[in-house]
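Asker: Below is one structure. I have some questions about it.
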Amino acid sequence: MDVAAQIRPNPAEGPLPAYRARVKAGVLNADPAQQAAAETLQELWHRLRGYDPKPSEPEKPGGGLLGRLFRKRGAEDGVKEAPCGLYLVGQVGRGKSMLMDLFFDAADVPRKRRIHFHSFMQECHQRIHTWKKANPSGEDPIQPLADRILAEAALLCFDEFQVHDITDAMILGRLFEALFARGVVIVATSNTAPDDLFKGKPGRDAFLPFIAIIKKQVEVLALDSQRDYRRDRIRGLPTWHSPADGRAERALDAAYRELTGEAHGAPMVLEVLGRKVELPEAARGVARASFDDLCNKPLGPADFLAVATHFHTLVMDDIPRLNPDNFDRARRFITLIDAMYEHRCKLVASAAATPDQLYEHGQNAAMFERTASRLMEMQSQEYLKLPHLS
Ligand SMILES: Nc1ncnc2c1ncn2[C@@H]1O[C@H](COP(=O)(O)OP(=O)(O)OP(=O)(O)O)[C@@H](O)[C@H]1O
Ligand SMILES: [Mg+2]
């Protein structure tokens, strides 16, 4: 039974009581940095209760809709103008997504949306493309795009805010200006401070106005927890399950959920040297795939290297017994494990047998010995403690 799922945030109380309840129930460790972030989220939750801006003429940021919502307080009471959102930044595994989810679930806002930032940007490009086709006269697509976004949600919660793509960088400034002008409130998690977004990339100058808008409109809060809770969690998990039966599958489901906070991730495709490596599910640096998905396909060392560096953990179903008759599969598995081992990528697996019994005797058995030994080491607490080399 998932105790955490039982303690749902109560929309009548907000994220801070939900956080405290989880700490009290022992689901979460008490953490002063998280507590402080939960307090800030609680303030935003209060201000947003019943927030329901109607799609209408945009007004100046901080003026119209937001001005009414956040009642601009003048110099006379010495209080800074309240921000229209929060940007939670910190290292991996500090609990940013967990806190944002508590806030999102509790938010008493009729139109709200939580989305991975990358998916949001893909959706924006798709919509711009469709709009341009329907309006070939060259009108600006950003304003109608912002109208449509507000019509769907006045509160947007973005997980894993990151800008790698020049096409994203080029539209973000104007898009966010249009969103803030309409009263859209943004909450985001990120591993990168606003000042460091898109750093060192060609075209960064054109991106600077976006950074300025974010810093002006949104409160930036560093979540400086001392612990990487995700790493702590995998250390407590059994990582090798054999035989690969229904019990093992459920254990892998639970491990995936524990590590990502979600029952299922979205499919992901890694592009490697023009080829595609397809992962059926991925979220928050964790991939889930079966042995056949990775080792029964014509994939090679570069593909496995991409998997081992891109994900800190691979949850792998159904590793079969291997033997000289199907050595191609075994060779790919050996290469995958080498890449993972070298990059300290963690493995949670279900398999037909324990590592030392996985390869049946015969040709190349000696070659598999090193893999078996690595697989044993990869289950050790010492290995699970090592930082991933991405
Ligand atoms: N105080 C805590 N006690 C126990 N577990 C925690 C605590 N905070 C977070 N966790 C758990 O640690 C894991 C990582 O947390 P989360 O995914 O929120 O981190 P994150 O900061 O978003 O990391 P990333 O930057 O990689 O996205 C999750 O399973 C989460 O439930
Ligand atoms: Mg996260």
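The values are calculated or read from the model by the stated rules, or taken from the named source; none is laboratory data. Given the structure is predicted, the values throughout are model-derived calculations rather than measurements. Here the Cβ is made from the backbone with ideal geometry for all residues, glycine too, and neighbour counts use every protein chain on show. We work out accessible area using only protein heavy atoms, side chains counted, and drop any ligands, DNA or RNA first. Shrake-Rupley method; radii C 1.70, N 1.55, O 1.52, S 1.80 Å.
Asker: Starting from the Cα of Gln379, step 7 Å along the direction of its Cβ; do the same at Asn29; then give the gap between the two resulting points in nm.
Answerer: With each label placed 7 Å out from Cα toward Cβ, I get 2.5 nm.
Asker: Divide by every residue of the chain the summed helix terms, -39500 (n - 2.57) for each DSSP H run of at least 4, and state the resulting mean residue ellipticity at 222 nm, rounded to the nearest 500 deg cm²/dmol. Intermediate values should be presented prior to the final figure.
Answerer: Values: 16 runs with 178 residues, N = 390.
That calculation yields -14000 deg cm²/dmol at 222 nm.
Asker: A further question on this structure: What's the local net charge at Asp159, with K and R +1, D and E -1, over the other residues with C-beta under 15 Å away?
Answerer: On the way: positive: Arg94, Lys96, Lys112, Arg113, Arg114, Arg230, Arg284; negative: Asp101, Asp105, Glu123, Glu160, Glu262.
Value of the local net charge: +2.
Asker: For region 229-385, give the share of DSSP beta bridges that are antiparallel, in percent and rounded to the nearest 5; count only bridges with both residues there. List each step's numbers first, then the result.
Answerer: Values: 9 of 22 bridges.
Roughly 40 percent of the DSSP beta bridges within region 229-385 come out antiparallel.
Asker: Just to check I understand the Karplus step: with θ = phi - 60° and J = 6.51 cos²θ - 1.76 cosθ + 1.60, what whole-Hz values come out for region 85-94, glycine and proline as x?
Answerer: Working through the residues one at a time gives x, 9, 10, 8, 10, x, 6, 5, x, 8 Hz.
Asker: Which percent, to the nearest 5, of DSSP beta bridges fully inside the chain are antiparallel? Let's see the in-between values first.
Answerer: On the way: 9 of 40 bridges.
Taking every DSSP beta bridge within the chain, about 20 percent pair in antiparallel fashion.
Asker: For Lys346, what residues show an amide H to amide H distance below 5 Å, using hydrogens built from the backbone and excluding near sequence neighbours?
Answerer: Thr313, Leu314
Asker: Would you mind telling me the share, in percent, of accessible area of region 214-353 contributed by carbon and sulfur at probe 1.4 angstrom?
Answerer: 48 percent
Asker: To continue, here is another question. Order of 15-21, 371-377, 201-207 by packing, highest average Cβ count within 10 Å first? If you can, show how the numbers build up before the last one.
Answerer: Details: 15-21: 21.3, 371-377: 17.1, 201-207: 12.6.
Ranked from most to least packed, the peptides come out as 15-21, 371-377, 201-207.
Asker: Here's a follow-up. Using a 1.4 angstrom probe on the protein heavy atoms only, line up Lys96, Lys133, Lys276, Lys297 by accessible area, largest first.
Answerer: On the way: Lys96 15, Lys133 155, Lys276 120, Lys297 75 Å².
Largest accessible area first, the list is Lys133, Lys276, Lys297, Lys96.
Asker: What does the charge count around His361 come to, taking other residues whose C-beta lies under 13 Å from its C-beta (Lys +1, Arg +1, Asp -1, Glu -1)? Display every interim value, and only then the final one.
Answerer: On the way: positive: Arg321; negative: Asp325, Asp356, Glu360, Glu369.
So the surrounding residues net to -3.
Asker: Please determine, in degrees from 0 to 90 and to the nearest 10, the orientation of helix 327-342 with respect to the longest principal axis defined by the Cα atoms of the chain, where the helix direction is its Cα long axis.
Answerer: 50 degrees
Asker: If you line up the long axis of helix 117-134 against the longest principal axis of the chain, both from Cα atoms, how many degrees apart are they, to the nearest 10?
Answerer: It works out to around 60 degrees.
Asker: I want to make sure I understand the PRE zone here: with the label point 7 angstrom from the Cα of Ala266 toward its beta carbon, which residues in region 124-161 have backbone N atoms less than 14 Å away?
Answerer: The answer is 124-127, 157-161.
Asker: Cut-off under 28 Å on the C-alpha distance; same-chain residues fewer than 8 positions from Lys346 excluded. Which lysines are left, in chain and number order?
Answerer: Lys96, Lys276, Lys297, Lys385
Asker: Would you kindly derive the ³J(HN,Hα) couplings of region 200-215 from the backbone phi angles with the Karplus curve 6.51 cos²θ - 1.76 cosθ + 1.60 (θ = phi - 60°), listing them in order in whole Hz, with x for Gly and Pro?
Answerer: Residue by residue, region 200-215 yields x, 9, x, x, 5, 4, 5, 8, 4, x, 5, 4, 4, 5, 4, 5 Hz.
Asker: If you line up the long axis of helix 365-377 against the longest principal axis of the chain, both from Cα atoms, how many degrees apart are they, to the nearest 10?
Answerer: So the inclination is approximately 40 degrees.
Asker: Tell me, Kirkwood radius of the chain from alpha-carbon pair distances, in Å? Write down the numbers at each step before the final one.
Answerer: Details: mean 1/r = 0.0432 Å⁻¹.
The answer is 23.2 Å.
Asker: Below 12 angstrom from the Cβ of Leu384, what's the summed charge of the other residues (Lys, Arg +1; Asp, Glu -1)?
Answerer: Working: positive: Arg230, Arg231, Arg233, Arg235, Arg344, Lys346, Lys385; negative: Asp228, Asp232, Glu377, Glu382.
Net of charged neighbours comes to +3.
Asker: How large is the accessible surface per residue of the chain, computed with a 1.4 Å probe and reported in Å² as a whole number? All intermediate terms of the calculation are to be shown ahead of the outcome.
Answerer: Details: 18600 Å² over 390 residues.
With all protein chains present, the chain gives 48 Å² per residue.
Asker: Taking θ = phi - 60°, what integer Hz values does the Karplus form 6.51 cos²θ - 1.76 cosθ + 1.60 yield along region 152-163, in sequence order, with x for Gly and Pro?
Answerer: Those phi angles translate into 8, 7, 8, 10, 10, 10, 9, 8, 6, 5, 7, 10 Hz.
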